[in-house]
Structure formats: C-alpha cells, structure tokens
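The values are calculated or read from the model by the stated rules, or taken from the named source; none is laboratory data. Values in this document were obtained by computation on a predicted structure and should not be read as measured data. Neighbour counts are summed over all protein chains in view; Cβ atoms, including those assigned to glycine, are modelled from backbone coordinates with ideal geometry.
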Amino acid sequence: MLIEKLKERFGADLLEAEEARGDETIVLARDRAPEILRALRDEQGFEFDMLIDLTGVDWPERKPRFEVVYHLNSLRLGHRLRVKVRVDEGDAWVHSVVGLWKAADWLERECYDMFGITFKGHGDLRRILLYDSFEGHPLRKDYPYQRRQPIVPETDPVTNPLRPSR
Amino acid sequence: MALPARWQQKIEASDPVEEIMELQMGPSHPASHGTIKFNLKLDGERIVDCDVEVGYLHRGFEKMCEQGTWTQCFPYTDRLNYASPCINNVGFAQAVEKLLGVEVPERCKYVRAIMSEVSRITDHLTCLGMAASEVGAVTVGFYMLEARELLYDLVEAVTGARLTVTWCRVGGIAHDLPPDFNDRIRHAFQNLDAVLSDCDKLLSRNRVFIDRMSGIGVLSREDAISYGLTGPLLRATGVPYDVRKAHPYLVYDRFDFEVPTGEKGDNYDRFNVRFQEMAQSRRIIEQALASIPEGPVSITDPGVVLPPKHRVYNSIEGLMNHFKLIMEGIKIPPGEAYSAVEGANGELGFYVVSDGSGRPYRVRVRPPCFFGMAALNRMLIGRMVPDIITTFGMINMIGGECDR
C-alpha cells in the first residue's frame, strides 16, 4: 500500500522496493537520497516527521559493502518505512540528514563511530560512544571481537584536555 | 604551598567576571545518577553551551550479540535498561519472533504484557524517586524505593531474579506466573497505592518542588519530534504517541487504558506523565489478570524451543535436539526486521538482521534515552546549573541503555 504509493511517486529513484515480514523497505542511490528523504518528510501522504533510527550494517563480501539504514515513522499517519543507502568501502560516505531531523546528529555520530561511515555536511562528526583515540570501527565485521586497544598516554587535563569541547 | 606555575598563570590571566568559564561536570558526579559528562560553558551560573558526553558505560552490546546464538543475547538485553529488564527481554524476543515468523501462545502474550507493565512501574518509581530526592525530597525517594522493592519481589517470584531476569525466550517465556501471583500483586498494589498517595501529598502542592520543576527544561513539540523523542518526554509536550496504541503489539489493543499527556513539555509535565502512567499500568495489569487464558506459555517447535529436561536426559532425540539448539542456535532464515515496544522511557526498538546461520548477523537496539540525551543541550542552554540536575533526572538516562 505504502510501497505502491512510493513506487508511483518516485519511480526509478527507488533502486529496490519490497515488503517483507510487515516491514516496507526502499533502497535509494546516495546522491538522490537527501532529496527523496526530504520529500518523504514533507509531502502529504508520507509525512515521516520522525527519524526513529539510523544505523549501519556491514556486509564485507558484498559490493557495495555498507548499508546505512534509516527507520522513519509518521506520527500523524502511523506508518513506518525503512530506507537504505548502500555505499562501498573506498568512499563510505552519505549526505547528512541533520537538516531534516535533529535526531540525526547523534545517530550519525554513532554510525561514524561504529562503522567509519562519514556523513557529509554534519559539521560535528566526532566519535560519541568511544573515545577519540580509539583505533578502528568496532562494528565492522573485520574488527576482531577480542582486539585490544593501546593504552592512551596520560595527559595533563588542564593544558591538554583529552577531548576539547566544541 | 605554592601552586604549580601553569595554574598560577591561568588564575592571574583570567577575570572570573568577564570570562566564559569552562566547567567539566562528571563523569562521576554525586548528583547525576549515571556516568555522564557535561562539558559546560558558563556565564556566571548561566549555561552558554553544554556538550553532553556519553559512552562511559559502553560495553559493545551490539558486537557482543553477534558472537553468540540468538538465545544468548537475552542476558545482554537485561543489562540495557536495568530498571525495567523485562521490557527489554520482551522487545528482543518479539523482534526475533517477527524475523522468524512465529506467533507466541495467548497466555504468553498476557504474561509478557503483565510483566512489562510491572517493569514500567518499577522504572517510573526509580526515575521519580531519584528525581524527587535530588531536589531535596529524600523522603519521597525512600518511599518510592520501598514500593519498588515490593514489585521487585514480584519480579523475583516470576523470573527468579530482581534485575538480571533473562526470562523471555524466542517463542515464549521461561516460566509461567507462580500460583500465588494474584495474591502477591494485590499485596504489592495495596502498598503502592499508599506510597503513591503519600508522595502525591508530599509533592503536588510542594512549592520548592514545583519551582524546581515547572518551566524548566522546556522543549517545544516540534523540537521533540525532530529530536526523535518518544515516551514520557514526547507525551509531556502533548503528543499522545505511545507504541502500545500506535502500533499495538502483544494484547494491548484489548485493554482499556489512557495515554497521559502534558502541555508545556517541561520537567513538571514529564514528572506528571510518569506519575499518571503508573496508574494506567495498574489498570492494564488488572484487566490482563481478569482475562488471562489458561494454556502453554511457549510454542513447542523443536527448531526454536528447547525440549523439556526429562526428554533431554531420557531420549537420544531429545538430547540431540538440545545439543543442536545450544551449539548451533536457532536457524533463522536470512532477512531483517524492526520491532518496537513501548519501553519505560519511550520506543525501544530492535532491528535484527539474520544471514541464515544460527547467530545474529546484526542486532541494533534503538535506545529511547539516547535521543533524550541528544536533546539535552537544547533543553539546557540559557538555564542555570542546578537545572541540569532536574532535567537530566527527568530524561531518566539509564547508562546501560544509552551507552550500550
């Protein structure tokens, strides 16, 4: 139902569109994603006013390797949608959606932290759950589960705060 | 004793009246229950900027879940929001069941709903009790902890543990309700009523309390939606969004209950919404207990649920079944699913991906209080330092869930 409406409105911009297990999913191309996400937020009949979740999935043996997964929710119409953008390892970046939903601020920082995917136009893309000198991105499948991190050298917190505020 | 030279220089160089002072509050601060750091920029006592730093309790929940079988994730989910572990269990089980395409028996749905509501009350009691004692109403804090203790006894009677319950399974629950559950819950509710009425008298017309809460930490409705807030934080702005009503799961569509909302979106409204929700949870539990059907609490599909112990020890088929499930895990066809429940702090979602092996390929949890913490900066700018305490308290950040 929703998927039909999406196909009608966006046509060839949807690389894939399917419904499985009651969840509707569409896949977008990276460059078209910001425009379509804006339309999904603003246009009547979609009205996805809430970015419920944003995360990544790593498929090392696939090409492109990463999926950035957005979960949208509409308060007024009560429907949900999953949106995916696929990006490959060498240029793992997508456009930031902070301008559309403020929730994206921290979610994109977390996705960057965990997967090393960058969000163009974010403005404050720092690590969030891990510390700045952490090496690697732990939710990538090639990050070994039991890998140890080097000890962070002690610094003077007054002259050289470990994490300068913005 | 002389100060080190660099401190001396810093003190001489700065004029405390003109300068914007940087203050790092936390990560371990007696007034913030939870390990969190606020990098503040202060003009006198007014907050100019507040950079909230989370992650001190990061344990790699999502990475850990990828290492074991689906069943082995349940103990980790207990430790997400440890003030209401049953809801986390239910949320995860539901997501995996959606992925697997199985439906749990009726009685299991009722029991899950009952325990979710009991957990919601314990979570709200923790949040409100702590928030009240942080503004000086220590009595309320202890009263509420006492009432919570009775509910924890109830949780212990059902699950065998107070916090680390690990009580749901894929396809059902580990134990049915104990035979004396109705008596126990009646006893707990009698005490809860007395406590809530006492707390209401202590707080609802208390000048100090109202002055500290009312008009503080305001967030507009548009901002709350844009920040992705759910649960009491969103409902305090007047949006009646509740996953139990908007996307009904379990048997919530059969119960008659209201979704309390606020108007101004300040801390006082958040407090009130939570306070009233406890009464609604009570209503749900009473209706559920009145209509709960008899029957099994778990499905019997041997590919999903462990066989009973007498079959494991007395038959080779049972033993093999047990061995395969423990060693290889539940084989879930490749795919993905997102499923949400109404956690005590808002929408608790699980996004699970399977690649067809017996192990989760990806488990993502949508932690409701993470979104509240992201909005904290917006709520605090322009306010005073003591307002951090009440606002932070009303977000009810649970480190285990926010930092995972």
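Miscellaneous remarks
- Odd one out for B:ASP49, checked against (1) crowded, with 17+ Cβ neighbours inside 10 Å; (2) in contact (Cβ under 8 Å) with a residue 24 or more places away in the chain: (1)
For (1) away from every other protein chain (no Cβ under 14 Å); (2) closer than 30 Å to B:PHE371 by Cβ, each residue gets a yes or a no:
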{"site": "B:VAL305", "(1), (2)": "yes, no"}
{"site": "B:LYS309", "(1), (2)": "yes, no"}
{"site": "B:TYR313", "(1), (2)": "yes, no"}
{"site": "B:ASN321", "(1), (2)": "yes, no"}
{"site": "B:LYS324", "(1), (2)": "yes, no"}
{"site": "B:PRO333", "(1), (2)": "no, no"}
{"site": "B:TYR338", "(1), (2)": "no, yes"}
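- Residue in region A:124-131 that is aromatic (Phe, Trp, Tyr) and at the interface with chain B (Cβ under 10 Å from one of its Cβ atoms) present: yes
- Qualifying residue in region B:176-192 (condition: under 23 Å from B:ASN88 (Cα atoms) and of a type in the set (Val, Ile, Thr)): yes
- Answer residue from region B:344-355, given it is within 13 Å of chain A (Cβ to nearest Cβ) and in contact with a Pro (Cβ under 9 Å, 6 or more places away or on another chain) and is farthest from A:TRP106 (Cα to Cα) among those: B:ASP355
- Unique residue being crowded, with 24+ Cβ neighbours inside 10 Å and within 13 Å of chain A (Cβ to nearest Cβ) when the list is B:ARG364, B:ARG359: B:ARG364
- Residue list for region B:30-81, filter: under 19 Å from B:THR164 (Cβ atoms), more than 11 Å from every other protein chain (Cβ to nearest Cβ) and of a type in the set (Gly, Ala, Ser): B:GLY34
- Given (1) more than 16 Å from the chain's Cα centre (by Cα); (2) in a helix (DSSP H, G or I), number of the condition B:TYR56 does not satisfy: (2)
- Taken over region B:226-239, the criterion of being farther than 30 Å from B:ALA290 by Cα and part of a helix (DSSP H, G or I) is satisfied by B:SER226, B:LEU233, B:LEU234.
- Flag if B:TYR152 is in a helix (DSSP H, G or I), surrounded by 20 or more Cβ atoms within 10 Å (Cβ to Cβ) and among the aromatic types (Phe, Trp, Tyr): no
- In the set B:LEU192, B:LEU203, B:LEU229, only one residue is within 14 Å of another protein chain (Cβ to nearest Cβ), of a type in the set (A, V, I, L, M) and touching a helix residue (DSSP H, G or I) at 6+ places or on another chain (Cβ under 8 Å); that residue is B:LEU229.
- Scan region B:272-314 for residues that are under 19 Å from B:TYR252 (Cα atoms), assigned to a loop (DSSP other than H, G, I, E, B) and charged (D, E, K, R) and the total you get is 1.
- In region B:240-271, the residue that is nearest to the chain's Cα centre (by Cα) out of those that are part of a helix (DSSP H, G or I) and over 20 Å from B:ASP223 (Cα atoms) is B:ARG244.
Yes or no, residue by residue, for (1) within 14 Å of another protein chain (Cβ to nearest Cβ); (2) aliphatic (A, V, I, L, M); (3) loosely packed, with under 14 Cβ neighbours inside 10 Å; (4) in contact with a His (Cβ under 8 Å, 6 or more places away or on another chain):
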{"residue": "A:ILE3", "(1), (2), (3), (4)": "no, yes, no, no"}
{"residue": "A:GLU8", "(1), (2), (3), (4)": "no, no, yes, no"}
{"residue": "A:ALA12", "(1), (2), (3), (4)": "no, yes, yes, no"}
{"residue": "A:GLU18", "(1), (2), (3), (4)": "yes, no, yes, no"}
{"residue": "A:VAL27", "(1), (2), (3), (4)": "yes, yes, no, no"}
{"residue": "A:ALA39", "(1), (2), (3), (4)": "no, yes, no, no"}
{"residue": "A:MET50", "(1), (2), (3), (4)": "yes, yes, no, no"}
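Yes/no matrix, rows are residues, columns are (1) within 11 Å of chain B (Cβ to nearest Cβ); (2) more than 18 Å from the chain's Cα centre (by Cα); (3) over 14 Å from A:LEU51 (Cβ atoms):
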position	(1), (2), (3)
A:GLU61	yes, yes, yes
A:ASN73	yes, no, no
A:VAL83	no, no, no
A:LEU100	yes, no, no
A:PRO150	no, yes, yes
A:THR159	yes, yes, yes
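- Taken over region B:334-347, the criterion of being at negative phi and touching a Leu at 6+ places or on another chain (Cβ under 8 Å) is satisfied by B:GLU336, B:ALA337, B:ALA340, B:VAL341, B:GLU342, B:ASN345.
- Evaluation of B:SER226 against (1) surrounded by fewer than 19 Cβ atoms within 10 Å (Cβ to Cβ); (2) free of Cβ contacts under 8 Å to residues at least 24 places away in the same chain; (3) in contact with a Phe, Trp or Tyr (Cβ under 7 Å, 6 or more places away or on another chain) (one fails), failing number: (1)
- Residues of region B:369-387 satisfying the condition of being within 18 Å of the chain's Cα centre (by Cα) and at the interface with chain A (Cβ under 10 Å from one of its Cβ atoms): B:PHE370, B:PHE371, B:MET373, B:ALA374, B:ALA375
- Taken over region B:81-126, residues that are at pLDDT 90 or above, crowded, with 22+ Cβ neighbours inside 10 Å and outside any helix (DSSP H, G or I) amount to 1.
- Single unsatisfied condition, B:ILE216 versus (1) under 24 Å from B:LYS109 (Cα atoms); (2) outside any helix (DSSP H, G or I): (1)
- Residue within region A:137-153 that is among the hydrophobic types (A, V, I, L, M, F, W, C), at pLDDT below 90 and within 20 Å of B:ASN377 (Cα to Cα) present: no
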